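See below for the structure under consideration.
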Amino acid sequence: MKREVTAYIGLGSNLGDRLGYLQSAVDRLHETAGIHVTRVSRVYETAPVGVTEQPDFLNLVAELRTTLSPEAILDVLLSVERSLHRVRLVRWGPRTIDLDLLLYGEETINLPSLTVPHPRMTERAFVLVPLGELAGNHRIPGTDATVGEWIARLPAEEGIRLYDGRISLPELKIEPDTV
Ligand SMILES: Nc1ncnc2c1ncn2[C@@H]1O[C@H](COP(=O)(O)OP(=O)(O)OP(=O)(O)O)[C@@H](O)[C@H]1O
Ligand SMILES: Nc1nc2c(c(=O)[nH]1)N=C(CO)CN2
């Protein structure tokens, strides 16, 4: 039996059918061999951070159980982004879908193409608040605080509100290599 790790993915969309893109991304992650999406947070509508002249985002966080390595997960995230016609013209600018690997078990990873925990997550309400629903008591590796404590340190939870729409969790699947 391969080792399974719990990982958290941040999802965001601010172009087109935002909820539809998020649902498709969750479905595609779950369809990937070696990934089970086990829980999803509620969906939040959030004011854009970084480049502020762009539409509001929908954001949520998904919890995975996975036998894939962090590098393999990054490849999956990039290919799901490509398959959902992501066009990225500007750093921090609008996109149909954005997927970030936030946490991978207790690991810290510093590769040229991959930093985990995600380097900007502790300052982002649009990441911490949905993550707090799933993992409020997890300490963020490499830091002195849990997700809940990082939320308490945010300047103010403004620019983020619950959205009236949810992502449905795909059916649990059984994979021969993980049972
Ligand atoms: N934890 C991570 N999750 C996703 N991508 C990462 C991570 N760490 C490094 N990267 C790199 O970042 C690249 C994606 O950058 P991208 O342009 O999507 O950033 P962004 O979403 O605009 O900004 P931000 O990284 O601040 O969310 C990927 O190609 C990947 O190599
Ligand atoms: N509210 C919000 N702002 C952002 C987001 C996002 O997902 N939500 N993603 C960004 C690129 O990483 C930049 N700014």
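Kindly establish whether R18 is within 18 Å of V147 (Cβ to Cβ), open to solvent by 20 Å² or more (accessible area, probe 1.4 Å) and within 16 Å of ligand 2 (Cβ to nearest atom).
So R18 fails the test.
Residue-wise test of (1) open to solvent by 50 Å² or more (accessible area, probe 1.4 Å); (2) more than 12 Å from ligand 2 (Cβ to nearest atom).
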residue: R95; (1), (2): no, no
residue: Y104; (1), (2): no, yes
residue: V116; (1), (2): no, yes
residue: P155; (1), (2): yes, yes
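Restricting to region 163-179, and then to whatever is at pLDDT 65 or above and β-branched (V, I, T), can you tell me which residue is farthest from A47 (Cα to Cα)?
So the residue we want is I174.
Might you let me know whether region 65-75 holds any residue that is open to solvent by less than 20 Å² (accessible area, probe 1.4 Å), closer than 20 Å to L19 by Cβ and more than 11 Å from ligand 2 (Cβ to nearest atom)?
no
Would you check which residues across region 114-146 are touching a residue at least 40 places away in the same chain (Cβ under 8 Å) and outside any helix (DSSP H, G or I) and list them?
Answer for region 114-146, where residues must be touching a residue at least 40 places away in the same chain (Cβ under 8 Å) and outside any helix (DSSP H, G or I): L114, V116, H118, R124.
Could you list all residues from region 1-11 that are within 16 Å of ligand 2 (Cβ to nearest atom) and either in contact with a Ser or Thr (Cβ under 8 Å, 6 or more places away or on another chain) or of a type in the set (A, V, I, L, M, F, W, C) (or both)?
Result: I9, L11.
Could you tell me whether any residue of region 52-60 is among the aromatic types (F, W, Y), outside any helix (DSSP H, G or I) and under 16 Å from the mean Cα position of the chain (by Cα)?
yes
Looking only at region 29-52, count every residue that is surrounded by fewer than 21 Cβ atoms within 10 Å (Cβ to Cβ) and more than 12 Å from ligand 2 (Cβ to nearest atom) and tell me the total.
Counting residues in region 29-52 that are surrounded by fewer than 21 Cβ atoms within 10 Å (Cβ to Cβ) and more than 12 Å from ligand 2 (Cβ to nearest atom) gives 9.
Restricting the search to region 106-115, which residues are touching a helix residue (DSSP H, G or I) at 6+ places or on another chain (Cβ under 6 Å) and within 6 Å of ligand 1 (Cβ to nearest atom)?
The one that is touching a helix residue (DSSP H, G or I) at 6+ places or on another chain (Cβ under 6 Å) and within 6 Å of ligand 1 (Cβ to nearest atom): L114.
Only one of (1) part of a loop (DSSP other than H, G, I, E, B); (2) of a type in the set (V, I, T); (3) open to solvent by less than 70 Å² (accessible area, probe 1.4 Å) is not met by V80, so which one is it?
Evaluating V80 over (1) part of a loop (DSSP other than H, G, I, E, B); (2) of a type in the set (V, I, T); (3) open to solvent by less than 70 Å² (accessible area, probe 1.4 Å) leaves (1) as the failure.
The values are calculated or read from the model by the stated rules, or taken from the named source; none is laboratory data. Fair warning: this is a prediction, and the values are worked out from it, not measured in the lab. FYI the Cβ positions are ideal-geometry reconstructions off the backbone, even for glycines, and counts take in every protein chain you see. Side chains included, ligands, DNA and RNA excluded: accessible areas come from the protein's heavy atoms. Shrake-Rupley method; radii C 1.70, N 1.55, O 1.52, S 1.80 Å.
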